[in-house]
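I have placed the structure first, in the form of structure tokens, so that the comments after it can refer back to it.
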Amino acid sequence: MNLVVKEISIYIHIPFCTKKCNYCDFYSVQYKSDLVEKYVACLKKEIEFTTSENKLRVKTIYFGGGTPSLLSFQHLYKIISKIRTSFEISKNLEITLEANPINVTKSSAKNWKICGINRISLGAQSFHNSELKILGRLHSKREINSAIETIKKFCTENISLDLIYGIPFQTIKKWKFSLENAIKLAPKHISSYCLSLEKGTYLFDKRAEYSFPTENEQSEMYYEMKKILEKNGFIQYEISNFSQKIFEAKHNLNYWKCGEYFGFGPSAHSFFEMKRWNNFSNLKKYFNSFKDAKLPIEKSKKISQREFISDKIVLGLRLNNGISIAELKEKYDFDTEKEYENTLNKFFQTGYLTKQNDNLKLTPKALFVSNSILSEFV
Ligand code: SF4
């Protein structure tokens, strides 16, 4: 049998935070050093248990969370070394680490560089201390500025900033101030999402006490951001992601293009060889799986070709380039225009979709309401 080399991405979920932010529903628990020690040992086993008949070449690694910047040099180094010895590694490997500004010091930034981390995604969220407080973030505006300076000096220039709009009491003026401050720091990439109220979070429980921007205001914030970032040389390549030329997040592009990936750690998701699965979102269950030498999988599902194509369309339409109808026909013998005739006609007529050459794309006015449009392709 001929061995195929498959390019994959790896996501590592670091489920520890110093304190839960007021809006966050990602899986994380309070940081405790003994838990981290045990966790890294299990993570290494999980990586070891993951095998394939094919050769696997890793093109991107993404440390998300939780708060990966809480990990010590030794722990990060051990995890990355385990990946390096378990898989082939692409020459242009992108390794991203999500960092909290309060964890950025000269020594942590230097250590990240030694580990091979070449992209930092900094959770800035806002440049107003009052908004950071509402969000329950532990850092201030000043700490964002000094974190960027330190990362640039001792680790990498390839920095992405995360920003949130739709924060309680936020006005357009305040939002523009955050965007302008972000631009001044010259990051290579900006990701920005509208605050969504998730059940179980502090802000959800206390929502009656806060005044949130209306949907119209949120929409205005979105399009203002698009205008300001594009005016300042950022290219929008996905609904919520903007980058300087050639600085798109390779890792996220792999998701949107329906590439294969492994997710390690509690709550992580994977997609490989037409199967999707997710791990337990519970550290205790995650640990217990390894006692029986099992992978910590909670649910797993085989994906049919039709489901895969629908994922490809829904995720691909998030990208500025949209999807290629010709490619779907050629690779999967899928006639997009016939299969989605009514849906396409509806969105062409309302001006939410456009066809340029053989590419199907969302129009600018569709971007803020994309979720409801994309849900019709599922
Ligand atoms: S937003 Fe980030 S730092 Fe805050 S609780 Fe969630 S994962 Fe932790």
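I need the phi-derived Karplus couplings for segment 125-140: 6.51 cos²θ - 1.76 cosθ + 1.60, θ = phi - 60°, integer Hz, Gly and Pro marked x.
With the stated coefficients, segment 125-140 comes to 6, 7, 10, 10, 4, 5, 6, 4, 5, 4, 6, x, 7, 8, 9, 10 Hz.
Which percent, to the nearest 5, of DSSP beta bridges fully inside the chain are antiparallel?
Working: 23 of 60 bridges.
Looking only at bridges with both residues in the chain, the antiparallel portion is about 40 percent.
For every other residue with a beta carbon closer than 12 angstrom to the beta carbon of residue 297, add +1 if it is Lys or Arg and -1 if Asp or Glu, then tell me the sum.
+4
At 4 °C and a viscosity of 1.567 mPa s, what translational diffusion coefficient does Stokes-Einstein give for the chain, taking Rh as the Kirkwood radius over Cα pairs? Give it in µm²/s as a whole number.
59
With the other protein chains left in place, how much accessible area per residue, in square angstrom, belongs to the chain at a 1.4 angstrom probe?
About 48 Å² of surface per residue is accessible.
When the Cα centres of segment 317-343 and segment 38-91 are compared, how far apart do they sit, in Å?
If we compute the Cα centre of each part, the gap is 35 Å.
Amide H to amide H under 5 Å from residue 165: which residues, 5+ apart in sequence or cross-chain, H placed 1.01 Å off N in plane?
Residues meeting the amide H criterion: 193, 194, 195.
Lone cysteines in the chain, defined as no other cysteine's Cβ under 4.7 Å from theirs: which are they?
By the Cβ distance rule, which asks for a partner under 4.7 Å, the isolated cysteines are 17, 42, 115, 155, 194, 258.
What are the ³J(HN,Hα) couplings of segment 230-238, residue after residue, when phi is run through the Karplus curve with 6.51, -1.76, 1.60 and θ = phi - 60°? Round to Hz, x for glycine and proline.
Computed from phi, the couplings for segment 230-238 are 5, 5, 9, x, 7, 9, 7, 10, 8 Hz.
Treat every Asp and Glu Cβ in the chain as -1 and every Lys and Arg Cβ as +1, leave all other atoms uncharged, and give the resulting dipole magnitude about the Cα centre to the nearest 20 debye.
1140
Amide H to amide H, which residues 5 or more places from residue 119 or on other chains are under 5 Å from it, using H placed in the peptide plane?
Long-range HN contacts for residue 119: 95, 97.
Mind grabbing the base-10 log of I(q)/I(0) for segment 138-228 at q = 0.15, 0.18, 0.22, 0.26 Å⁻¹? Debye formula, identical points on the C-alpha positions, no solvent, two decimal places.
Results for segment 138-228 at q = 0.15, 0.18, 0.22, 0.26 Å⁻¹ read -0.67, -0.89, -1.13, -1.32.
Would you work out the relative contact order for the chain, in percent, from Cα pairs under 8 angstrom that are 6 or more residues apart?
15
With the contact rule set at Cα under 8 Å and sequence spacing of 6 or more, what percent relative contact order holds for segment 240-378? Mind showing how you got there, number by number?
Values: 165 pairs, mean separation 23.6, N = 139.
Relative contact order, segment 240-378: 17 percent.
Round to a whole angstrom and tell me the spacing of the C-alpha centers of segment 164-215 and segment 7-37.
22
List, largest first, the extents of the alpha carbons of segment 321-377 along their principal axes, each in whole Å.
Over segment 321-377, Cα extents along the principal axes are 31, 21, 18 Å.
Could you go through segment 208-216 in sequence order and give the Karplus-derived ³J(HN,Hα) for each residue, using 6.51 cos²θ - 1.76 cosθ + 1.60 with θ = phi - 60°, rounded to whole Hz, and x for Gly and Pro?
Result, ordered by residue: 5, 8, 10, 9, 9, x, 6, 4, 4 Hz.
Can you sort 374, 35, 197 by 1.4 Å-probe accessible area, starting with the largest?
197, 35, 374
Counting Lys and Arg as +1 and Asp and Glu as -1, each charge on the Cβ, what is the dipole of segment 204-329 about the Cα centre in debye, to the nearest 20? Walk me through the numbers on the way to the answer.
Working: 21 positive and 16 negative charges, 127 e Å.
So the dipole magnitude of segment 204-329 works out to roughly 600 debye.
Mind ordering 344-353, 244-253 by average Cβ neighbours within 10 Å, highest first?
244-253, 344-353
Mind listing the long-range amide H neighbours of residue 234? Cut-off is under 5 Å, sequence gap 5 or more, other chains count too, H placed in the peptide plane at 1.01 Å from N.
Here nothing satisfies the definition.
Determine the calculated [θ] at 222 nm for the chain from helices alone, applying -39500 (n - 2.57) to every DSSP H run no shorter than 4 residues and normalising by the residue count; nearest 500 deg cm²/dmol.
-11500 deg cm²/dmol
At 1.4 Å probe size, with the rest of the protein present, what percent of the exposed accessible area of segment 212-291 is carbon and sulfur atoms?
Whole-percent figure for carbon plus sulfur exposure: 51.
Considering Cα pairs under 8 angstrom that are at least six residues apart, work out the relative contact order of segment 84-168 and quote it in whole percent.
37
The values are calculated or read from the model by the stated rules, or taken from the named source; none is laboratory data. Remember, it's a predicted structure, so these values are computed and weren't measured experimentally. Positions of Cβ are generated from backbone atoms using ideal geometry, with glycine treated the same way; all protein chains shown enter the neighbour counts. Note: accessible area is taken over every heavy atom of the protein model, side chains too, but ligands, DNA and RNA are not part of it. Shrake-Rupley method; radii C 1.70, N 1.55, O 1.52, S 1.80 Å.
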